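Notes follow once the structure below has been shown.
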């Protein structure tokens, strides 16, 4: 298993690491399709700083013991290579209140919250990879994977806990200037939550969409 | 690699999509007071062992498909039954007994001994 994990990580990150080598460039390492980058002029815009910050506003859908609602996210990105960025984020999700937990006839607590109930605070870290081969002028798609730690709270039911979700998502970014870009994306979270009230370990699953503004740090 | 990650993610996500219970906060959940229910808690430990979440009703149309509106507690939805076996899912002390429905006819419903 450890060997498989090493191989998997190597396959995932090897292209990006290669691009990050001194003297390397997209032209040298990604093949014929990248000639278009020079013609578009977008490559020049993306040759910006090694760090960026961003803020996103979105909507998260949850259910059961996974919160959902309005989602605010702040994040910092650190360039690892031409295509890979280390992304660390803080996010808050605010949904509606209302009781949705009950005790079944075996006295087991069951919660069935709707799509937009509860509160969550999250810290997360992951890798965002820009998919240079699919670039269209200023627009470049990206994918991201990561892991988070979330505090989850449903106040009316006094149900709370900590969730550890895997995070996977993607989107499109449009760089408008050297310092400023806009992006839109979708993110799914799946993992496990450890809840109080006798709920114990519960599945945690949400889906969200976000719209973000991103700023390069000189 | 990305496809593998996606498939794994979907499998993990699908774990949480199973069914849960035949009772809920509206009808049938255990309760101590009305905060445990959507509407009200029938908390008498003799008539409703463990407590029973229910709703006010004026006809069977106000109740879910497997419950009946009976002339108890000012009109309440309770599970219908044919034998005591039908009431076992509610726990110890629940029996299938006769009661008057909201129109005065006799029906069989689950209630405490």
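No value in this document is a laboratory result; all are computed from the given coordinates. Here the structure is a predicted model, which is why all the values come from computation and not from measurement. Reconstructed Cβ throughout: ideal geometry from the backbone, glycine too, with neighbour counts over all protein chains shown.
For the stretch A:83-104, which positions are within 14 Å of chain B (Cβ to nearest Cβ), in a strand (DSSP E or B) and under 16 Å from residue A:204 (Cβ atoms)?
Applying the first criterion (within 14 Å of chain B (Cβ to nearest Cβ)) to the stretch A:83-104 yields A:83-84, A:97-104.
Add one more test, that the residue is in a strand (DSSP E or B), and what stays is A:84, A:101-103.
Hit for the stretch A:83-104 is A:101, nothing else.
Checking residue A:115 against (1) more than 30 Å from residue B:33 (Cα to Cα); (2) in contact with a strand residue (DSSP E or B) (Cβ under 8 Å, 6 or more places away or on another chain); (3) surrounded by fewer than 19 Cβ atoms within 10 Å (Cβ to Cβ); (4) touching a residue at least 40 places away in the same chain (Cβ under 8 Å): exactly one of these is not met. Which one?
Failing condition for residue A:115: (1).
Where residues in the stretch B:67-100 are in contact (Cβ under 8 Å) with a residue 40 or more places away in the chain and surrounded by fewer than 20 Cβ atoms within 10 Å (Cβ to Cβ), which of them is nearest to the chain's Cα centre (by Cα)? Talk me through it step by step, then tell me what you get.
In the first step, residues of the stretch B:67-100 are kept if they are in contact (Cβ under 8 Å) with a residue 40 or more places away in the chain; the result is B:67-68, B:77, B:79, B:89-94.
Checking which are surrounded by fewer than 20 Cβ atoms within 10 Å (Cβ to Cβ) leaves us with B:89, B:91-93.
Details: B:89: 10, B:91: 12, B:92: 15, B:93: 15 Å.
Restricting to residues being in contact (Cβ under 8 Å) with a residue 40 or more places away in the chain and surrounded by fewer than 20 Cβ atoms within 10 Å (Cβ to Cβ), the top hit is B:89.
Just to be sure I understand, how many residues within the stretch A:165-202 are surrounded by fewer than 17 Cβ atoms within 10 Å (Cβ to Cβ), within 13 Å of chain B (Cβ to nearest Cβ) and in contact (Cβ under 8 Å) with a residue 60 or more places away in the chain?
2
Checking the condition within 12 Å of chain B (Cβ to nearest Cβ) and either in contact (Cβ under 8 Å) with a residue 24 or more places away in the chain or under 30 Å from residue B:22 (Cα atoms) (or both), which residue from A:107, A:133 passes?
A:107
Within the stretch A:84-104, restricting attention to residues that are surrounded by fewer than 21 Cβ atoms within 10 Å (Cβ to Cβ), in contact (Cβ under 8 Å) with a residue 12 or more places away in the chain and over 19 Å from the mean Cα position of the chain (by Cα), which residue is nearest to residue B:30 (Cα to Cα)?
A:99
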